[in-house]
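Single-structure report; data block below.
Where a number appears in this text, it was derived from the coordinates with a stated rule and is not lab data. Since we're looking at a predicted model, the values are computed, not measured. As a convention, Cβ positions derive from the backbone with ideal geometry for all residues, glycine included, and neighbour counts pool all protein chains shown.
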Amino acid sequence: MSRARPQLLLVPSWTEVQWTIKPELDEWAEVASYDPPGVGVEPPAEGPLLEAIIARGVAEIDRREWTRCIVVGDDIGSLFATAIAAAQRPRVVGLALGHACLEYRLEGERPTMNAEVAEMSRRLVEIDFRAFIHQDIAIWDSRPGYSVESAEELADAMTSRVPRDFAVNLLDDLDARIAEVGGSLEPFLREVALPLLLARHEGCILFTPHGFDDAEAAFPDAATVSTHTSPCLSPDFAAALRQFAESLG
């Protein structure tokens, strides 16, 4: 009897098209992603946006009747991925987080995010949405393996699919939620007690090395990988996901 293909749910930060590594993953896994409510052809959320985004991911696992899936997030999608994994715990066997970070801190001795870049990003989403998308996918990145042409195509796809108002509302809701209850993922990760794959984006201008270092120290048994571009764009992350899935059987 042939072995069942691993099941991967790619949780978006903004839209499913940002997962440019999906074709590589399709070669060996059953892969799904989705657009959040209010993005692409998805109808807007009728209630709180954060809950609606999480519910959409939960519903995708239900719709596919998956029973052994790995939930994968990157950037702020890691927040949603963690919540989806917690909600679908009996059906989830692993959790992979890009830009791995346990707590979103802009201040203190070990900030996990660059406050100046975060402020610039927040302003851009209001005044120049295309520029915001450009910086979000690091369009100026000239490191090996990074194609400016493909990044331009991705920026076009994302700006045509993601309404600016959606991005503004999402960031506002995230800011409010973090201010209300804090921005730590650690309690939720310990509660779900799932095998973890943690990805560090080397040279990221928004996330500092402190966040990944803290996550690695808190979960020493986690698998880890370093990427030169954002994990959702990175062949190295795709390869690490395959190795992670194989380790789970």
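Sort out for me the Cα centre separation of the stretch 162-186 from the stretch 203-223, rounded to whole Å.
Taking the Cα centre of the stretch 203-223 as reference, the centre of the stretch 162-186 is 21 Å away.
Considering Cα pairs under 8 angstrom that are at least six residues apart, work out the relative contact order of the chain and quote it in whole percent.
Details: 408 pairs, mean separation 59.6, N = 249.
Relative contact order comes out at 24 percent.
What shape does the chain have by the C-alpha gyration tensor, where a ≥ b ≥ c are the square roots of the eigenvalues, rounded means a/c under 1.5, and otherwise prolate means a/b greater than b/c and oblate the rest?
Judged from the Cα gyration tensor, the chain comes out rounded (a/c under 1.5).
Note the full-extension length gain between Ala118 and Glu27 as 0.36 nm times their separation in residues minus their Cα-Cα distance, in nm to one decimal.
On the way: separation 91, 0.36 × 91 = 32.76 nm, distance 3.58 nm.
Length gained between Ala118 and Glu27: 29.2 nm.
At 0.36 nm per residue, minus the direct Cα-Cα distance, what do Glu180 and Asp156 gain on full extension? Give it in nm, one decimal, please.
5.2 nm is the gain from fully extending Glu180 to Asp156.
Could you give the dipole magnitude of the chain about its Cα centre, charging the beta-carbon of Lys and Arg +1 and that of Asp and Glu -1, in debye to the nearest 20?
Dipole magnitude for the chain comes out near 720 debye.
With only Lys, Arg, Asp and Glu charged, each at its Cβ (+1 for the first two, -1 for the last two), find how big the charge dipole of the stretch 48-125 is about the Cα centre; round to the nearest 20 debye.
In total the dipole reaches around 340 debye.
Given springs between every Cα pair under 10 Å in a Gaussian network model of the chain, which of Pro209, Pro44, Pro187 has the largest fluctuation?
Residue with maximal mean-square fluctuation among Pro209, Pro44, Pro187: Pro187.
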